[in-house]
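*Asks:* First, the structure itself, so that you have it in front of you.
The values are calculated or read from the model by the stated rules, or taken from the named source; none is laboratory data. Because the structure is a prediction, the values reported are computed rather than measured. FYI the Cβ positions are ideal-geometry reconstructions off the backbone, even for glycines, and counts take in every protein chain you see. Calculation scope for accessible area: heavy atoms of the full protein, side chains included, ligands and nucleic acids excluded. Shrake-Rupley method; radii C 1.70, N 1.55, O 1.52, S 1.80 Å.
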Amino acid sequence: VMITEPSNKYFNDLKERVLVNGVSLTASYDDGEWLGFKGNDAEFIIELEDSLKINEVSINFHNKVNRWIHHPQEVIVLGSKDGKSYSKLGETKLRKTGRPIINLSISVNAFASYLKVIAKNQIIPEGFNGAGNPAWIFLDEVQVN
């Protein structure tokens, strides 16, 4: 379930399916396999079939800085058993990297029926193309283990 709506310009399937369709690490952010969020945090909920033991959550992020696409500053994973009351299960802060695609894994080690993921966007830092403007976040393929 998308909380923040992605740009409808970039995905070619139902947007929720893009995150879990098994197609990952495609080279181009505009091939329909990535969800793009301009200037906003990317926030969504994953409903699991039952209360499951979660060890980690992995997400791919594009990082094509010359196109104003930056990985998020921070990613937070929250969990819930009822889909209403969430608590923080894990988080990580990211430092700048030159890699074009980043696979981020967050250790969770908890039971949950619902996972809420928040990828914090940023203003493009000085020294990068588009400095001072809101960045794009492009994400794909969320894996829950």
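*Asks:* Based on Cα coordinates alone, diagonalise the gyration tensor for region 1-62, multiply each eigenvalue by 5, take square roots, and list the semi-axes in whole Å, largest first.
*Replies:* Result for region 1-62: semi-axes of 21, 14, 11 Å.
*Asks:* Once amide H atoms are placed 1.01 Å from N in the peptide plane, what residues at a sequence separation of 5 or more from I69, or on another chain, have their amide H within under 5 Å of its amide H?
*Replies:* Residues meeting the amide H criterion: K64, W136.
*Asks:* I'd like the distance between the alpha-carbon centres of region 1-76 and region 80-145, rounded to an integer number of Å.
*Replies:* 9 Å
*Asks:* In nm, give the distance between the simple-model label positions of L104 and T92, each being 7 Å from the Cα along the Cα-to-Cβ direction.
*Replies:* Distance between label points: 0.8 nm.
*Asks:* Run the quick spin-label model on N55 and F128: label points 7 Å from Cα toward the beta carbon, then report their separation in nm to one decimal.
*Replies:* 3.2 nm
*Asks:* I would also like to ask the following. What's the tally of Lys pairs in the chain whose alpha-carbon atoms lie under 13 angstrom apart, where the two lysines are 8 or more places apart or on different chains? Intermediate values should be presented prior to the final figure.
*Replies:* Numbers: K9/K38; K38/K120; K53/K81; K64/K96; K81/K116; K84/K116; K88/K116; K93/K120.
Close lysine pairs found across the chain: 8.
*Asks:* A further question on this structure: Just to be sure I understand the curve: with the Debye formula and one point per C-alpha of the chain, what is log10 I(q)/I(0) at q = 0.17, 0.19, 0.21 Å⁻¹?
*Replies:* -0.90, -1.11, -1.32
*Asks:* Still on this structure, please answer the following. Could you go through region 44-49 in sequence order and give the Karplus-derived ³J(HN,Hα) for each residue, using 6.51 cos²θ - 1.76 cosθ + 1.60 with θ = phi - 60°, rounded to whole Hz, and x for Gly and Pro?
*Replies:* Using θ = phi - 60°, the values come out as 8, 10, 10, 8, 8, 5 Hz.
*Asks:* Can you give the accessible area per residue of the chain, in Å², using a 1.4 Å probe?
*Replies:* That works out to 51 Å² for each residue.
*Asks:* Quick one: which residues, 5 or more positions from E74 or on another chain, have an amide H under 5 Å from its amide H? H modelled 1.01 Å from N in the peptide plane, none for Pro or chain starts.
*Replies:* Sorted by chain and number, the residues that satisfy this are L94, K120.
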